[in-house]
Amino acid sequence: MSDGILWLPDTWYSPNLFITFARGLSPHELAVRLGAEPTGFLDPITMAEAESLTSREGAARTARFGACAGWSFAVEQGRPSKAWWAHPSMSAGGVEVLHLTPKPDDPPKEVWYYRDGATIGWFNIGERPDDGTEFLIPALEEAGFFDTTLHEDEVLITLRALQEHFGLSLPRQQILTGRLPSAVTAKTPPENLGD
């Protein structure tokens with residue numbers, strides 16, 4: 001059974017979860033592109049243990065990662081992800097990358113989409129896509145985003161459209177209470193957004 005991604009808004013801020021999906025990379029390769037040392041992988045840890053690494057043990061950002069529904073994924077805690085804010089190198093070599101950031105200190109949440117070494121575009125979750133992501137408008141229409149008679153949350157409608165368009169899913173219980181392979185993706189606080 002697929003958990004999809006519609007459960008994310010219930011858990012996005014406790015702790016802050018930065019979600020990156022990649023198609024065309026293994027989960028370990030995704031972690032390395034996010035900043036992990038190629039030989040620096042940790043044993044599987046829980047979300048609470050990842051939070052401890054970032055708050056008490058000095059790592060600036062920790063990723064737990066895996067694969068689901070044909071995508072590799074990384075759930076990062078701590079400082080904002082390297083996949084945020086125009087990092088097309090994340091998708092070099094024919095890779096497709098979709099990044100969801102909660103922007104806890106400066107809402108609204110954002111979606112960034114990269115493909116084959118280029119930034120295709122980004123948009124605020126819950127708002128009409130533009131800047132290269134207009135291709136998602138039919139998926140948003142199908143999900144009811146532009147239907148003014150619906151009184152559903154625009155964030156949920158946007159996530160539903162992304163889930164359906166890209167076939168996204170995350171293992172909810174494994175992320176929230178289970179153990180996943182992990183790595184430190186930033187040892188010190190990044191100087192620039194998304195480093």
Complete set of residues in the range 147-187 that are open to solvent by 80 Å² or more (accessible area, probe 1.4 Å) and either touching a helix residue (DSSP H, G or I) at 6+ places or on another chain (Cβ under 7 Å) or aromatic (F, W, Y) (or both)
E164, H165
Does the range 125-139 contain any residue that is closer than 22 Å to P15 by Cβ, open to solvent by 80 Å² or more (accessible area, probe 1.4 Å) and more than 14 Å from the chain's Cα centre (by Cα)?
no
Please indicate, with yes or no, whether at least one residue in the range 89-108 is under 30 Å from T39 (Cα atoms), of a type in the set (S, T, Y), open to solvent by less than 10 Å² (accessible area, probe 1.4 Å) and in a helix (DSSP H, G or I).
yes
Within the range 148-176, work out how many residues are at pLDDT below 95 and part of a loop (DSSP other than H, G, I, E, B).
6
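Could you check the range 11-24 and list, in sequence order, the residues that are open to solvent by less than 30 Å² (accessible area, probe 1.4 Å) and either without any contact (Cβ under 8 Å) to a residue 12 or more places away in the chain or farther than 14 Å from A83 by Cα (or both)? Give the derivation first.
As a first pass, look at the range 11-24 and keep what is open to solvent by less than 30 Å² (accessible area, probe 1.4 Å): 11-12, 15, 17-22.
Within the range 11-24, T11, W12, P15 qualify.
Of F41, F73, F65, which residue is touching a strand residue (DSSP E or B) at 6+ places or on another chain (Cβ under 8 Å), within 18 Å of H28 (Cβ to Cβ), open to solvent by 30 Å² or more (accessible area, probe 1.4 Å) and touching a residue at least 24 places away in the same chain (Cβ under 8 Å)? Full working, then the answer.
Numbers: F73 fails: open to solvent by 30 Å² or more (accessible area, probe 1.4 Å); F65 fails: open to solvent by 30 Å² or more (accessible area, probe 1.4 Å).
Among F41, F73, F65, only F41 is touching a strand residue (DSSP E or B) at 6+ places or on another chain (Cβ under 8 Å), within 18 Å of H28 (Cβ to Cβ), open to solvent by 30 Å² or more (accessible area, probe 1.4 Å) and touching a residue at least 24 places away in the same chain (Cβ under 8 Å).
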Which residues, counting only those in the range 55-94, are more than 15 Å from the chain's Cα centre (by Cα), closer than 14 Å to R23 by Cβ and either modelled with pLDDT under 85 or hydrophobic (A, V, I, L, M, F, W, C) (or both)?
A92
Please name all residue pairs, on different chains or six or more residues apart, with Cβ atoms under 9 Å, provided the first residue is in the range 129-147 and is part of a loop (DSSP other than H, G, I, E, B) and the second residue is of a type in the set (S, T, N, Q) and open to solvent by 30 Å² or more (accessible area, probe 1.4 Å).
G132/T119
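The values are calculated or read from the model by the stated rules, or taken from the named source; none is laboratory data. Note that the structure is predicted; figures quoted are calculated from it, not measured. Note that each Cβ is placed from the backbone with ideal geometry, even for glycine, and that neighbours are counted across all protein chains shown. Quick note on the areas: whole protein, heavy atoms, side chains included, nothing else; ligands and nucleic acids left out. Shrake-Rupley method; radii C 1.70, N 1.55, O 1.52, S 1.80 Å.
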